[in-house]
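Colleague: Below you'll find the structure I mean.
What follows is calculated from the coordinates using simple rules that are stated; it is not laboratory data. Quick caveat: nothing in here was measured; it's all calculated off a predicted structure. Every residue, glycine among them, receives a Cβ derived from its backbone with ideal geometry; neighbour counts consider all protein chains shown.
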Amino acid sequence: MTLRLTETATGNHPKFAIVGQDGNPYTQVGRPVYGDGTTLDIPPGSRYAIAVTMPKQGDLVLEFPPDSKATEITDPAVLYTNNGTKNTPAVLGNLSVDPKYISYADGFLCSRPRR
């Protein structure tokens, strides 16, 4: 999962400051391994603690930008349909998933304290 921070007033993407991973604090601030530091790729099952500085104007939004490395996935699949009988028919075919339609933000909530 790729994350990016965006300042709403300027559109700038500040660099991530990583202060811990998987419940273990870092002894110094770390930066993302890949890219220019403005995106953070989180592998499955990992957790990161980040430190942010709120901009003087506007908000800071945590986004899930499209992944330029993502490709469409097509695999064999079985579709079970309901024809009203006890013997549900199955149709063999292929299932394709285009990554631009996948949302990682479902159930994700960010809030900003009032000043």
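Colleague: Given the Cα-Cα distance of LYS69 and LYS86 and 0.36 nm per residue of separation, how much length would full extension add, in nm?
Modeller: 1.7 nm
Colleague: Still on this structure, I have one more. Mind ordering 41-52, 80-91 by average Cβ neighbours within 10 Å, highest first?
Modeller: Most protected by this proxy first, the peptides run 41-52, 80-91.
Colleague: Stretch LEU62-TYR48 to full length: gain in nm at 0.36 nm per residue minus the Cα-Cα span?
Modeller: 3.7 nm
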